[in-house]
């Protein structure tokens with residue numbers, strides 16, 4: 001039996017979490033979730049997922065950014081791929097480029113909300129090797 005690759009979604013929008021869960025589980029991923037940063041960090045440390053999908057704006061406007069920095073500062077979890085979920089581009093026109101912004105935001109990719117299911121699957125597959 002092949003182990004399913006585990007994806008951790010940290011997002012306070014439970015409807016979005018469930019939509020992403022259905023999408024990712026339909027193509028064979030295991031999905032776990034947390035609705036706030038501290039709980040997400042605990043799950044990341046305990047569950048050791050293969051990738052984290054991380055919302056930017058939760059209880060605080062920059063909670064996701066702060067969590068990304070925390071992940072990169074901890075030896076045991078620092079190499080876990082992180083994909084930021086954001087609606088900033090839709091709301092402000094501002095976009096992130098992981099190639100240009102990697103020092104500012106050490107993440108693998110950015111996905112704009114609402115997340116296109118095909119883009120979600122393609123991005124997760126890009127950073128999670130089966």
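Here, each number is a calculation from the coordinates, and none is a lab measurement. Since this is a predicted model, take the numbers as computed values, not measurements. Quick reminder, even Gly has a Cβ in these numbers, built from the backbone with ideal geometry, and neighbours come from all protein chains shown.
Results, tabulated for the structure shown:
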| read-out | value |
| --- | --- |
| Relative packing of peptides 70-77, 4-11, 109-116 - highest average C-beta neighbours within 10 Å first | 4-11, 109-116, 70-77 |
| Distance between segment 49-84 and segment 1-37 - C-alpha centres, whole angstrom | 15 Å |
| Cα convex hull of segment 6-127, projected area averaged across orientations, nm² | 6.8 nm² |
